[in-house]
């Protein structure tokens, strides 16, 4: 588990070209009120239409760009995963030295748990949280807003240098190139502001060399990594974050690495509990994490995937 926090110095300047005006693709949509209304209605309806594959539902907005489900089984797992990371980070939601932030962005918010807690912690801040799926609760702090949006779009429809803090968490396998997300975040971060990413390294490691090469979970992990690469949604990004932040222009980039056991083998009490939680998380999510990628990339049937 890796956490990277980066500081945007007051001497930094946005990358040239980001502020180029974008022309409307279709003048008829852009200029006709009736067409705008119909178009908006169509987009809104599609957001709540969840395609079903192999017994799981997936996002309707930008259909197919995200390979993991959004049904209640998965949202329950995401909530549990949030608690796992809280425990891993000893109850911390962030590591950047935030001081009275006023505009915060959470990219890929999922069920919105992080955004809501941050909204409570910073009542004077405005929290914007984006995701492809409307799976967030209706009752939220007044200063928290959820938006259906795709962070891979070049234009986030906001002023440059707008946010004091931009946050991402566990977005491996979500984007074609996470460097593009960091570059856009740099453009939208205020001088003196921060960006922070917390990512799980998808590769498995063993401290004592006892992990057998034919361990089924290891073989599954390799299949998942291959499928993600073929789908142009790489999983192995955690160990590259620090370098990507620096290349984007952030300064004073700090990286923290946490051990996240996959089962309760450690003697250390904290790590043992963490490992048991993560084991439960994997067992709850294995089918959902596998189904979309393996069926779409390898053309495996539901039965073949479940047998694996």
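The values are calculated or read from the model by the stated rules, or taken from the named source; none is laboratory data. Please read these numbers as outputs of a predicted model, since none were measured by experiment. Neighbour counts are summed over all protein chains in view; Cβ atoms, including those assigned to glycine, are modelled from backbone coordinates with ideal geometry.
Tabulated results
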{"read-out": "Some residue of the stretch 140-149 being touching a residue at least 60 places away in the same chain (Cβ under 8 Å), under 30 Å from residue 64 (Cβ atoms) and part of a strand (DSSP E or B)", "value": "yes"}
{"read-out": "Some residue of the stretch 239-251 being closer than 30 Å to residue 186 by Cα and in a loop (DSSP other than H, G, I, E, B)", "value": "yes"}
{"read-out": "Unmet requirement for residue 119, which otherwise passes all of (1) assigned to a helix (DSSP H, G or I); (2) closer than 30 Å to residue 49 by Cβ; (3) within 17 Å of the chain's Cα centre (by Cα)", "value": "(3)"}
{"read-out": "Unique match (being at pLDDT 95 or above, part of a loop (DSSP other than H, G, I, E, B) and surrounded by fewer than 16 Cβ atoms within 10 Å (Cβ to Cβ)) among 226, 176", "value": "176"}
